[in-house]
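> Shown below is the structure under consideration.
The values are calculated or read from the model by the stated rules, or taken from the named source; none is laboratory data. Because the structure is a prediction, the values reported are computed rather than measured. Glycine also receives a Cβ, built like all others from the backbone with ideal geometry; neighbour counts cover every protein chain displayed. Remember, those area values only see protein heavy atoms, side chains included, never the ligands or the DNA or RNA. Shrake-Rupley method; radii C 1.70, N 1.55, O 1.52, S 1.80 Å.
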Amino acid sequence: MVSETQVAILFADVCGSTKLYDTIGDEKARETIALCVSIMTETTQKNGGTLIKTIGDEVMVTFKTADDACTASQEMQEQITNGLVVEGRNVAIRIGFHYGPALLEKGDVFGDAVNLAARMAGQAKAGQVLTTDTTVKAMSDMWGASTRQIDRAVVKGKKAEILVFEVQWEQEDVTRMATGFSTQSTVAQVKMVLEYQGQQVEVGEDHPTAVMGRSEQSDIIVKDSLISRLHARLEYRKGNFILTDQSINGTYVTNDNGEETFVRRDNSPIKGNGVIGLGKAAEPNSPDAITFTYVE
């Protein structure tokens with residue numbers, strides 16, 4: 001019998017499992033992957049979830065609520081990504097899930113929600129938990145406050161792009177984001193100033209994220225055919241600054257020493273002063289350069 005219900009569908013898999021076989025040997029790698037699958041399965045059951053299937057180093061599970069999926073994701077990451085080291089090598093997993101209507105039949109799950117969950121898992125990196133905007137809306141205030149939008153994704157069969165959110169699963173991040181305050185820290189109160197053609201924004205503890213792109217909603221608006229709507233963002237994290245590119249053509253960073261870094265669909269730390277080029281490299285003092293200045 002087929003029934004439709006609201007459910008959180010979650011995929012979790014071991015990152016770099018093929019490399020594990022190369023580095024620690026077949027037998028140890030097989031034991032490690034089996035241990036990870038066991039941890040993920042037990043964590044699912046502990047949080048009221050259901051194991052649908054295992055596929056090699058991956059599990060597909062379901063939960064009744066989005067919050068249950070968040071809690072299970074956090075525990076899986078803490079036990080494996082933060083807690084499992086095999087022969088000196090860190091082991092990590094990636095997780096993606098989506099909450100929505102799905103068809104249940106004979107212990108399996110079907111429908112669009114499965115495709116969305118798989119897309120989130122496929123886009124996640126080691127140690128990440130990704131989900132969709134509709135899932136975030138189904139979360140409690142605490143878990144909802146512990147998410148942040150990081151990207152947009154095209155999903156087969158969908159006309160509109162899907163907003164991709166990262167779940168901040170590390171306990172200190174969950175607490176800080178949920179309560180709206182952080183405990184006293186010795187991290188210096190620093191900031192980074194972005195400037196472009198009369199536009200200026202300061203990134204720091206009070207304003208931790210600045211988006212650069214073609215969209216009118218961006219903090220720094222740059223109009224060019226090579227630039228995506230939400231091209232890149234600069235984030236303040238515990239005294240450090242991280243640039244994340246989420247574009248097609250990538251982002252170029254050149255510091256005052258002339259060292260150039262190209263970032264595409266990835267992130268990279270930024271230090272000191274220099275210029276950022278969206279979609280193409282930018283020379284200092286050129287009109288298409290976004291300058292960044294570190295201020296203590």
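> Taking only pairs six or more apart or across chains, which ones have beta-carbon atoms under 6 Å, a first residue in segment 1-20 that is within 20 Å of HIS98 (Cβ to Cβ) and among the acidic types (Asp, Glu), and a second residue that is open to solvent by 10 Å² or more (accessible area, probe 1.4 Å) and part of a strand (DSSP E or B)?
Sorted first by the residue in segment 1-20, then by its partner, the pairs are GLU4/PRO101; GLU4/LEU103; ASP13/GLU58.
> So, restricting to helices (runs of 4 or more DSSP H) that lie completely within segment 1-106, which ones have at least 3 residues that are out of contact with any Cys (no Cβ under 9 Å at 6 or more places or on another chain), among the charged types (D, E, K, R) and closer than 24 Å to MET139 by Cα? Full working, then the answer.
Numbers: elements: 17-24, 26-46, 66-79.
Where helices (runs of 4 or more DSSP H) fall fully within segment 1-106 and carry at least 3 residues being out of contact with any Cys (no Cβ under 9 Å at 6 or more places or on another chain), among the charged types (D, E, K, R) and closer than 24 Å to MET139 by Cα, they are 66-79.
> Let me ask something else. In this structure, does LEU116 turn out to be touching a residue at least 12 places away in the same chain (Cβ under 8 Å) and either open to solvent by 20 Å² or more (accessible area, probe 1.4 Å) or within 19 Å of the chain's Cα centre (by Cα) (or both)? Steps first, answer last, please.
Details: touching a residue at least 12 places away in the same chain (Cβ under 8 Å): yes; either open to solvent by 20 Å² or more (accessible area, probe 1.4 Å) or within 19 Å of the chain's Cα centre (by Cα) (or both): yes.
Answer is yes for this residue.
> A further question follows. Does VAL222 fit the bill of being of a type in the set (A, V, I, L, M), in contact with a strand residue (DSSP E or B) (Cβ under 7 Å, 6 or more places away or on another chain) and open to solvent by 30 Å² or more (accessible area, probe 1.4 Å)?
Details: of a type in the set (A, V, I, L, M): yes; in contact with a strand residue (DSSP E or B) (Cβ under 7 Å, 6 or more places away or on another chain): yes; open to solvent by 30 Å² or more (accessible area, probe 1.4 Å): no.
When the stated conditions are applied, VAL222 does not pass them.
> State which residue pairs qualify: first residue free of Cβ contacts under 8 Å to residues at least 24 places away in the same chain and among the hydroxyl-bearing types (Ser, Thr, Tyr) and inside segment 35-58, second residue open to solvent by less than 50 Å² (accessible area, probe 1.4 Å) and assigned to a helix (DSSP H, G or I) in any location, beta carbons under 8 Å apart, and separation of 6 or more residues or different chains.
These pairs meet every condition: THR50/THR44; THR54/VAL37; THR54/THR41.
> If you don't mind, another one. One residue is enough: does segment 227-246 have a residue meeting the conditions open to solvent by 70 Å² or more (accessible area, probe 1.4 Å) and either touching a Lys or Arg at 6+ places or on another chain (Cβ under 6 Å) or among the hydroxyl-bearing types (Ser, Thr, Tyr) (or both)? Reasoning before the result, please.
Our first condition is that a residue be open to solvent by 70 Å² or more (accessible area, probe 1.4 Å); within segment 227-246, this holds for 229, 237-238, 240.
Applying the additional criterion that residues be either touching a Lys or Arg at 6+ places or on another chain (Cβ under 6 Å) or among the hydroxyl-bearing types (Ser, Thr, Tyr) (or both) yields 229.
Looking for residues that are open to solvent by 70 Å² or more (accessible area, probe 1.4 Å) and either touching a Lys or Arg at 6+ places or on another chain (Cβ under 6 Å) or among the hydroxyl-bearing types (Ser, Thr, Tyr) (or both), one finds at least one in segment 227-246, hence yes.
> Taking the condition of being over 26 Å from ALA124 (Cα atoms) and either not charged (D, E, K, R) or not in a loop (DSSP other than H, G, I, E, B) (or both), how many residues in segment 263-296 meet it?
17
> Conditions: (1) at pLDDT 90 or above; (2) of a type in the set (A, V, I, L, M, F, W, C); (3) within 23 Å of the chain's Cα centre (by Cα). LEU35 meets all but one. Number of the miss?
(3)
> Restricting attention to segment 251-269, does a residue exist that is in contact (Cβ under 8 Å) with a residue 40 or more places away in the chain, touching a strand residue (DSSP E or B) at 6+ places or on another chain (Cβ under 8 Å) and open to solvent by less than 60 Å² (accessible area, probe 1.4 Å)?
So the first thing to find is which residues in segment 251-269 are in contact (Cβ under 8 Å) with a residue 40 or more places away in the chain, and the list is none.
Checked segment 251-269: no residue is in contact (Cβ under 8 Å) with a residue 40 or more places away in the chain, touching a strand residue (DSSP E or B) at 6+ places or on another chain (Cβ under 8 Å) and open to solvent by less than 60 Å² (accessible area, probe 1.4 Å).
> Scan segment 51-70 for residues that are hydroxyl-bearing (Ser, Thr, Tyr) and at pLDDT 95 or above and jot them down. Break it down into steps so the answer makes sense when it comes.
Within segment 51-70, the first condition is being hydroxyl-bearing (Ser, Thr, Tyr), and the residues that meet it are 54, 62, 65.
Listed by number, the residues that qualify are THR62, THR65.
> Filter segment 1-47 down to the residues that are within 21 Å of THR132 (Cα to Cα), open to solvent by 50 Å² or more (accessible area, probe 1.4 Å) and polar (S, T, N, Q) and list them by number.
If the condition is that a residue be within 21 Å of THR132 (Cα to Cα), open to solvent by 50 Å² or more (accessible area, probe 1.4 Å) and polar (S, T, N, Q), then THR5, GLN6 are the ones that fit.
> Restricting attention to segment 100-113, report how many residues are crowded, with 16+ Cβ neighbours inside 10 Å, more than 16 Å from PHE165 (Cα to Cα) and touching a helix residue (DSSP H, G or I) at 6+ places or on another chain (Cβ under 7 Å).
Summing the residues that are crowded, with 16+ Cβ neighbours inside 10 Å, more than 16 Å from PHE165 (Cα to Cα) and touching a helix residue (DSSP H, G or I) at 6+ places or on another chain (Cβ under 7 Å) in segment 100-113 gives 1.
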